[in-house]
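Asker: Right, I'll just put the structure down here and ask away after.
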2 protein chains.
Amino acid sequence: MALPPTVEAPLHDIERHLAAVIASFALPDALRAAIEYAALGPGKRIRPLLTWHCAKTASALASNSDERATETRPAAHSPLAACAAVELIHAFSLVHDDLPALDNDDLRRGRPTLHRHTTEAMAVLAGDAMLTAAFAAMLLPVDGEAMPPSLAISLLAELSSSTMDMIAGQVHDTMGGLPPHLSPIEQVALIHRRKTGALIAAACRMGARCAGVSEGSLEPFARYGEAIGLMFQIVDDLLDVEQNASHTGKRTRKDHAAGKQTYPAVLGVEGARDEVRRLGMQAASLLAPFGEGARPLLELSEWLMRRTR
Amino acid sequence: MALPPTVEAPLHDIERHLAAVIASFALPDALRAAIEYAALGPGKRIRPLLTWHCAKTASALASNSDERATETRPAAHSPLAACAAVELIHAFSLVHDDLPALDNDDLRRGRPTLHRHTTEAMAVLAGDAMLTAAFAAMLLPVDGEAMPPSLAISLLAELSSSTMDMIAGQVHDTMGGLPPHLSPIEQVALIHRRKTGALIAAACRMGARCAGVSEGSLEPFARYGEAIGLMFQIVDDLLDVEQNASHTGKRTRKDHAAGKQTYPAVLGVEGARDEVRRLGMQAASLLAPFGEGARPLLELSEWLMRRTR
């Protein structure tokens, strides 16, 4: 199911900048090819699209409400560097999570996973390089212009803390170790919030920061990101139960086979669907104050609710 | 062979700050324990000691020569954040390089490697977390004081580009792919310059930057770092040929067994020893203009020349 055209509009610019970031490093040919396979191959680019559209939505807000306080307004800059960074973090995490020692997946986005396409050694090192490149991406100029240092620092803080959350969530998901007093639904929520939700919420906050939104006005973007981050994961879990591998392009029912906690397992399929609808309404109400300017973000959350792969 | 006391003097402060950086992240217990095992266990801390002593040596330079131009002098800050960052990068690289898919090492610094001590999955994820923590370390305050953004940006650029070099060097070392027109000695030099030299040189430059040295005055620190980075690697290669596992605390003769290019293999043992002496003299001459202030750096390079493990 294709993304709505308004949502996809910046895709070309985002992918061109992502390719330029990767091309900026002096790398052995095989390493560059591995990174390009993992980061520039088929993918929905949800996270960078969120960063981009949150920046656009927020820039209307920043220019309206802070008009008389330009002196103290945080610096703004193109969101393209942050777009490349969040996509590189996402791509790195897929490559390492797919490794034999972790999820042991052979198929990703309809193609062999990187360690199947190349070697396990290359997948480890290419993942490390993509993680490094994500931080470096924030330091590279966009269209010849360097990011203001104070903005770069706040974006790098978002990026590092959400990446750390993601790794912590993956540890919980594959190895357990959750606080024993949590109920099953609290355990699932904690894993998802850290493993997938944190980076999605950070992608939204980073976009708003690129628009020069002050710390105090980030809240709706953060909460929108948290709502759709959780929605995204529940939809993924539902797809895992309901679809077959040829449709989603990856091995399915693996969560069930691995005995992992999921929303459909804890709430039932209907309960999980209700939760998706509730989160979709929450996202819509967070966007309402932004009016027409937030249409792409609204269409993105509606698409997430409906998506089948 | 213990480091000279003047060199080791800041070790306690460095290790305390490194531990504080790791403690600052909210992590699952098992992940935290894995990171502490790999990053706080026995180790010589050569890289952060270089950062520290380059900062101290350079700060004399910065305060002497730039006295009348305080306005345009780059910002200075404690080198402890950079010390923690370079050690975390080094520790991450050892954990991933030791993995079965790469060097497949069981022993490191006299103890089981992290994937032997825990699991392969944990070693992958703990390595990822240490790499992330290295970038985050630069954003954390030291003794309650945040680093000036412009300094943080220049340090993060050094850190990301040297880490990328290190990964590229590891790709060449384990998978080849070097330009075919290079002679054997040029191939070995290129691998070492990227795999180990880049981070060591960056550690030195980062220290000088923390002292507020201007871009144009970094050169002697960068060249000192390059000389001792290469010296370090040649000594490692010589130890690999000459020592046994019980003495160095890791499996030896593995380079020979793996058919890897090394300095002793290309230059012969005596030729490699001559190269170490030449680099030691080069380091000493680079430090000469700094006089007594550079004594710890001089003692460190002399120790590297003499070290047996």
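The values are calculated or read from the model by the stated rules, or taken from the named source; none is laboratory data. Predicted model, so just to flag it, every value in this text is computed and none were measured. All Cβ positions, even for glycine, are placed from backbone atoms using ideal geometry, and neighbour counts span all protein chains on display.
Asker: Quick check, is A:Ala121 closer than 18 Å to B:Ala123 by Cα, out of contact with any Asp or Glu (no Cβ under 8 Å at 6 or more places or on another chain) and of a type in the set (A, V, I, L, M, F, W, C)?
Answerer: On the way: closer than 18 Å to B:Ala123 by Cα: yes; out of contact with any Asp or Glu (no Cβ under 8 Å at 6 or more places or on another chain): yes; of a type in the set (A, V, I, L, M, F, W, C): yes.
Against the criterion (closer than 18 Å to B:Ala123 by Cα, out of contact with any Asp or Glu (no Cβ under 8 Å at 6 or more places or on another chain) and of a type in the set (A, V, I, L, M, F, W, C)), A:Ala121 qualifies.
Asker: Here's another thing I want to ask about it. Quick one: how many residues across the range B:261-276 are under 21 Å from B:Leu304 (Cβ atoms) and either of a type in the set (Val, Ile, Thr) or modelled with pLDDT under 85 (or both)?
Answerer: The qualifying residues number 4.
Asker: Identify, from the list B:Ala222, B:Ala211, B:Ala203, B:Ala146, the residue that is touching a Leu at 6+ places or on another chain (Cβ under 7 Å), over 24 Å from A:Ala30 (Cα atoms) and hydrophobic (A, V, I, L, M, F, W, C).
Answerer: Residue meeting the stated conditions: B:Ala203.
Asker: Now a separate question. When you check B:Leu107 against the structure, is it touching a residue at least 40 places away in the same chain (Cβ under 8 Å) and not basic (Lys, Arg), yes or no?
Answerer: yes
Asker: Testing A:Lys56 on (1) modelled with pLDDT of 95 or more; (2) more than 15 Å from the chain's Cα centre (by Cα); (3) more than 23 Å from A:Val7 (Cα to Cα); (4) not polar (S, T, N, Q), one condition comes back false. Which one is that?
Answerer: Here A:Lys56 clears every test but (3).
Asker: When residues of the range A:201-231 are filtered for being among the aromatic types (Phe, Trp, Tyr) and surrounded by fewer than 23 Cβ atoms within 10 Å (Cβ to Cβ), how many remain?
Answerer: Result for the range A:201-231: 0.
Asker: Mind checking whether some residue in the range B:126-133 is farther than 25 Å from B:Arg116 by Cα, at the interface with another protein chain (Cβ under 9 Å from one of its Cβ atoms) and not β-branched (Val, Ile, Thr)?
Answerer: Taking the range B:126-133 as the starting set, the residues that turn out to be farther than 25 Å from B:Arg116 by Cα are none.
No, the range B:126-133 contains no residue that is farther than 25 Å from B:Arg116 by Cα, at the interface with another protein chain (Cβ under 9 Å from one of its Cβ atoms) and not β-branched (Val, Ile, Thr).
Asker: Looking only at the range B:159-191, which residues are more than 10 Å from chain A (Cβ to nearest Cβ) and under 23 Å from the mean Cα position of the chain (by Cα)?
Answerer: Selection gives B:Asp173, B:Ile185, B:Glu186, B:Gln187, B:Val188, B:Ala189, B:Leu190, B:Ile191.
Asker: Moving to a separate point now. At negative phi and either at pLDDT 90 or above or within 14 Å of chain A (Cβ to nearest Cβ) (or both): does that describe B:Asp237? Before the answer, list the steps.
Answerer: Details: at negative phi: yes; either at pLDDT 90 or above or within 14 Å of chain A (Cβ to nearest Cβ) (or both): no.
No; evaluated as a whole, the condition is false for this residue.
Asker: In the set B:Ala123, B:Ala146, B:Ala152, B:Ala136, which member is at the interface with another protein chain (Cβ under 9 Å from one of its Cβ atoms) and closer than 22 Å to A:Ile22 by Cα?
Answerer: Numbers: B:Ala123 fails: closer than 22 Å to A:Ile22 by Cα; B:Ala146 fails: closer than 22 Å to A:Ile22 by Cα; B:Ala152 fails: closer than 22 Å to A:Ile22 by Cα.
Of B:Ala123, B:Ala146, B:Ala152, B:Ala136, the one residue that is at the interface with another protein chain (Cβ under 9 Å from one of its Cβ atoms) and closer than 22 Å to A:Ile22 by Cα is B:Ala136.
Asker: Limited to the range A:117-138, what total is found for residues that are assigned to a loop (DSSP other than H, G, I, E, B) and in contact (Cβ under 8 Å) with a residue 24 or more places away in the chain?
Answerer: Here the count works out to 2.
Asker: Quick one: which of B:His77, B:His115, B:His96, B:His90 is crowded, with 19+ Cβ neighbours inside 10 Å and modelled with pLDDT under 95?
Answerer: On the way: B:His115 fails: modelled with pLDDT under 95; B:His96 fails: modelled with pLDDT under 95; B:His90 fails: modelled with pLDDT under 95.
So the residue among B:His77, B:His115, B:His96, B:His90 that is crowded, with 19+ Cβ neighbours inside 10 Å and modelled with pLDDT under 95 is B:His77.
Asker: Among (1) without any contact (Cβ under 8 Å) to a residue 60 or more places away in the chain; (2) more than 9 Å from chain B (Cβ to nearest Cβ), where does A:Leu114 come up short?
Answerer: (1)
Asker: Oh, and also: Being touching a Ser or Thr at 6+ places or on another chain (Cβ under 8 Å) and among the charged types (D, E, K, R) is the filter here; which residues of the range A:83-122 pass it?
Answerer: If the condition is that a residue be touching a Ser or Thr at 6+ places or on another chain (Cβ under 8 Å) and among the charged types (D, E, K, R), then A:Asp98, A:Asp103, A:Asp105, A:Asp106 are the ones that fit.
Asker: Quick one: which of A:Pro10, A:Pro4, A:Pro28 is buried (at least 18 other Cβ atoms within 10 Å of the Cβ) and either touching a Phe, Trp or Tyr at 6+ places or on another chain (Cβ under 7 Å) or of a type in the set (Asp, Glu) (or both)?
Answerer: Values: A:Pro4 fails: buried (at least 18 other Cβ atoms within 10 Å of the Cβ); A:Pro28 fails: either touching a Phe, Trp or Tyr at 6+ places or on another chain (Cβ under 7 Å) or of a type in the set (Asp, Glu) (or both).
After ruling out the rest, the residue left standing is A:Pro10.
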